Amino acid sequence: MITGKSLARRTFLRGIGTTIALPFLDAMTPAMAATTTKAPVRMGFVYVPNGMDVRNWNLDYEGKLGELSRIMKPLEPFKEDVLVLGNLTHNNGRALLDGPGDHGRCCGSYLTGMQPRKTMVDIKAGISCDQIVANQIGNKTRFPSLELGLEDARQAGDCDSGYSCAYTNNLAWRSETQPLPPVLDPRALFERLFGNGIALSPEARARQSKYRRSILDFVTSDTKKLEINLGPTDKRKLEEYLSSIRSIERQLEKAEKDNAQIDPKMPKPYGVPADFAEHFKLMTDMLTVALQADLTRVFTFLVTREGTSRAYRELEIPDGHHPLTHHQNKPELMEKVSRINTYHVKQFAGWIEKLKSIQEGDGTLLDNCMIVYGAGLTDGNKHNHEDLPTLLAGHGGNNYIKTGRRINYRKETPMSNLFLSMMDRMDVHGEHFGDSTGRLDGLNLS
Amino acid sequence: MQFQGQAKPPVGIVFDSGMGSSIDGALALALLYGFDGKNEARVISVSVSRSNLSSAAYCEAVGRFYAGAVNGGFGGVGRNLPVGLSVDGKIKDETPMLSGPLAKLTPEGKPLYAHGIHQLNDTAEVPALIRNAFTSQYDQNSIAILAGPATNFAQVLDLPRVKDLITAKCRFLAMTGGAFPNGNPEFNIKADIPAARKLFAEWPTPIILSGFEIGEALPFPAASIEKDFAWSPNHPVVDAYKAFKPMPYDALSGDMSTVLYAVHSQDGYFKLSDPGTIAVLDDGRTKFTASPQGKHRYLILDPAQKERIIKIYTEVASAKPVPRAPRFPRKEKELKEKELKDQELKDKEIPVKPSEIKPPAPQQ
């Protein structure tokens, strides 16, 4: 039977201490409505530190994507969903008479487009573009934005030649003096997304876990009621969605169990997987659910902090990432940098695959996203800020962004122009942002 | 904050021209690189308002020539800066003084004057290039030079917060244009009258103009081209000079006078008019009205200086670039080493305990 009634977009499955938002279902589209409900557009930024080995990042052609470079290779199956952007520049990442400290500057300026004040005390950058959007549309979702990261990092002190750690360890800035530290602990994120928003202490969590059931058990009643009114396609979508949440729970439980066995006193947030790839996957799995359920439309993901010296033992690279990037053109060191860069892209590609696998309306979740993947330094050895490694994944809704191409912009084109255009796509319109000189042409061909 | 580790470098020059209209522009660029080589100025930005790739390519070829790209021997003078190119300039044609040198080949069939500009995205977006050049200068340690239509500088003025930036960083704008106190419409002004009007109305620093009469009264001697530039068997300025008109001829030097005044404004090469305001009439003529509050002045030639001016023109424009030592090699090395050492120390620090990291408060 066809009726004009539809399921409200903001329908939740509720249980004790649990609230689970639903993904976009066909039942949320009014059957006889004049216009259909559009899936929202999401905007996000995935940041990798220390620049890249640009020899193995850059493409030597423009236009339709053919063979990808070595570092981008993991994105080969998804190259029709990415747009590679060349020659974008962050002038405010440059020294501009402030001397050394490119790592502090490049991260502090990346999403703010502003020159960070060189200080360890009275920090100042600018409000970041994600937060400008979050301020405008954040009331439409449970979380105006989500800030995620993978690396434990302090917020104060000197992290780069007189630049506060607040610059190297945060991407999002709520105001010009207030960065938003990323959430690193998967359990804390899980509880934030599906609990009542209060992160439990490890001890309290341990007590609770003794009796823990899946959060899905608490919403069984609501789930059954909902399923009665769903068609077979929606039932399948719901089942897959709830199954993905259960999968996240299992990953969390495994990580917590592994951590307890490895070293119960290790100074790592409770529940952080020891394995980088697992951690990345767990965080992005939760981010996927958050995007799918429209818990947020804006996110930042600081893969590791800028200037990090994390070693990648899983790649048999015991050297710190940052020292490696000062390779002085030694081939053996450059090779390691390339492998780290490729490893990061591989994790990202795994997430892109996930986003592409989730149906949403007539397309996929990825179709309704626009996710910047990039670095704030171009070459970690040169510390330069022009032609920053940048790609845009997803289509920005309604097939807006014409992907599968490489566009090489004119030299000195501000990165802020890209962000201004993305803000437009989020229906947040400003005259300028950061050091923008205008909108970025060419994202849409029509 | 301005980094306090170094003394101020020589004045930075933002050079915008309509390269290709007159050989004067090429001579002015040679003069500028000559001053750069003598450590009396630094070329920090080069852009063109002629919407033709050859115009930008020629500028880059000259820059590379002075950087040693032809024979690899000069070292530090000149830099491989990106060249800005206007996409909506009022003049667009390629001229022989551009195409001539760019078409010259080595015996191996390669371009004699190397450049990397083959398509639009090999050039820089002009407003960003010029704005960015100012951002990296010490306060009051740069000068803008306009040796062509005002198209590009007028567009720079449209950027947010840029007038405050120019006020802070730029001493004055020196430009070739107009005719004073009266005269016919001058090419640079007439080529883009709206841009010239905008520039005179909105440019925040003093503007000093070299009118047509200055360049006309100070001809650059053809003999210098034949003699003073002979140190190099191939020179992009010489080849442009020869392609511009049949030799021998003496060239107008309006753009050279603008460069000379910009770099040596205190050295008495020219007299200045009283301050005033310049208006652009509909036919492209300029009208100067004296006013104590006015920000505009024009150059006045002192006949007694004519010989001295021609002498510095020919000597500096034709000077062979010499390797220039870094200004503060030891200090720069020490700073870099300190930066790396600091980072190593930090990398060894024990990370902060997770309990010290507070998750952000729920936003809802």
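The values are calculated or read from the model by the stated rules, or taken from the named source; none is laboratory data. Note that the coordinates shown come from a computational prediction; the quantities given were computed from them, not determined experimentally. Cβ placement follows ideal geometry from the backbone for every residue including glycine, while neighbour counts extend to all protein chains displayed.
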Of all residues making up the stretch A:173-182, the number that are in contact (Cβ under 8 Å) with a residue 40 or more places away in the chain and either charged (D, E, K, R) or at the interface with chain B (Cβ under 9 Å from one of its Cβ atoms) (or both): 4
Of the criteria (1) more than 14 Å from every other protein chain (Cβ to nearest Cβ); (2) outside any strand (DSSP E or B); (3) not charged (D, E, K, R), which one B:Pro160 fails: (1)
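Could you check the stretch A:147-171 and list, in sequence order, the residues that are outside any loop (DSSP other than H, G, I, E, B) and either farther than 19 Å from A:Gly101 by Cα or polar (S, T, N, Q) (or both)? Please lay out each step first, then the result.
Step one: filter the stretch A:147-171 for residues outside any loop (DSSP other than H, G, I, E, B), giving A:147-149, A:158-160, A:163-168.
Those that are outside any loop (DSSP other than H, G, I, E, B) and either farther than 19 Å from A:Gly101 by Cα or polar (S, T, N, Q) (or both): A:Glu147, A:Leu148, A:Gly149, A:Ser164, A:Thr168.
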Strands (runs of 3 or more DSSP E) (entirely within the stretch A:291-410) containing at least 3 residues that are assigned by TED's automatic domain parsing to the domain that holds A:Asp81 and touching a His at 6+ places or on another chain (Cβ under 9 Å): A:369-375
Evaluation of A:Glu151 against (1) within 12 Å of another protein chain (Cβ to nearest Cβ); (2) buried (at least 24 other Cβ atoms within 10 Å of the Cβ); (3) acidic (Asp, Glu) (one fails), failing number: (2)
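Is the stretch B:251-270 home to any residue that is touching a helix residue (DSSP H, G or I) at 6+ places or on another chain (Cβ under 6 Å) and more than 21 Å from B:Phe35 (Cα to Cα)? Even if it seems obvious, please write down each step before you answer.
Looking only at the stretch B:251-270, we keep the residues that are touching a helix residue (DSSP H, G or I) at 6+ places or on another chain (Cβ under 6 Å), and these are B:251-257, B:259, B:263, B:269-270.
Applying the additional criterion that residues be more than 21 Å from B:Phe35 (Cα to Cα) yields none.
No, there is no match, as no residue in the stretch B:251-270 is touching a helix residue (DSSP H, G or I) at 6+ places or on another chain (Cβ under 6 Å) and more than 21 Å from B:Phe35 (Cα to Cα).
Yes or no: A:Asn368 surrounded by 22 or more Cβ atoms within 10 Å (Cβ to Cβ), among the polar types (S, T, N, Q) and under 17 Å from the mean Cα position of the chain (by Cα)? Show your work before the answer.
Working: surrounded by 22 or more Cβ atoms within 10 Å (Cβ to Cβ): yes; among the polar types (S, T, N, Q): yes; under 17 Å from the mean Cα position of the chain (by Cα): yes.
Answer is yes for this residue.
Determine, yes or no, whether A:Gly51 is of a type outside the set (Val, Ile, Thr) and within 26 Å of A:Glu335 (Cα to Cα).
Numbers: of a type outside the set (Val, Ile, Thr): yes; within 26 Å of A:Glu335 (Cα to Cα): yes.
In short, yes.
In the set B:Pro149, B:Pro127, which member is crowded, with 21+ Cβ neighbours inside 10 Å and more than 9 Å from chain A (Cβ to nearest Cβ)? Spell out how you get there, then give the answer.
Values: B:Pro127 fails: more than 9 Å from chain A (Cβ to nearest Cβ).
Going through B:Pro149, B:Pro127 in turn, just one is crowded, with 21+ Cβ neighbours inside 10 Å and more than 9 Å from chain A (Cβ to nearest Cβ): B:Pro149.
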Some residue of the stretch A:31-52 being within 14 Å of chain B (Cβ to nearest Cβ) and of a type in the set (A, V, I, L, M): no
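Return a yes/no flag: does the stretch A:275-288 have any residue that is more than 13 Å from every other protein chain (Cβ to nearest Cβ), part of a loop (DSSP other than H, G, I, E, B) and over 25 Å from A:Pro23 (Cα atoms). Steps first, please.
First, the residues of the stretch A:275-288 that are more than 13 Å from every other protein chain (Cβ to nearest Cβ): A:275-288.
This time we only want the ones that are part of a loop (DSSP other than H, G, I, E, B), so: A:275.
Still in the list and also over 25 Å from A:Pro23 (Cα atoms): A:275.
Yes, the conditions are met somewhere in the stretch A:275-288.
So which residues in the stretch B:280-289 are in contact with a Pro (Cβ under 7 Å, 6 or more places away or on another chain) and in a strand (DSSP E or B), if there are any at all?
Initially, the stretch B:280-289 is screened for residues in contact with a Pro (Cβ under 7 Å, 6 or more places away or on another chain), giving B:283-285, B:288.
Once the filter is applied, which keeps residues that are in contact with a Pro (Cβ under 7 Å, 6 or more places away or on another chain) and in a strand (DSSP E or B), the stretch B:280-289 yields only B:Phe288.
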The stretch A:414-431, subset within 11 Å of chain B (Cβ to nearest Cβ) and surrounded by fewer than 17 Cβ atoms within 10 Å (Cβ to Cβ), residue farthest from A:Val133 (Cα to Cα): A:Glu431
Any hit, the stretch B:345-354, residues being in contact with a strand residue (DSSP E or B) (Cβ under 9 Å, 6 or more places away or on another chain) and either at pLDDT below 70 or under 30 Å from A:Gly104 (Cα atoms) (or both): yes
Of residues in the stretch A:389-413 being over 19 Å from A:Val48 (Cβ atoms) and β-branched (Val, Ile, Thr), the one nearest to the other protein chains (Cβ to nearest Cβ): A:Thr413
Residue, nearest to the chain's Cα centre (by Cα), within the stretch A:87-121, restricted to residues that are within 8 Å of chain B (Cβ to nearest Cβ) and under 21 Å from A:Ile371 (Cα atoms): A:Thr89
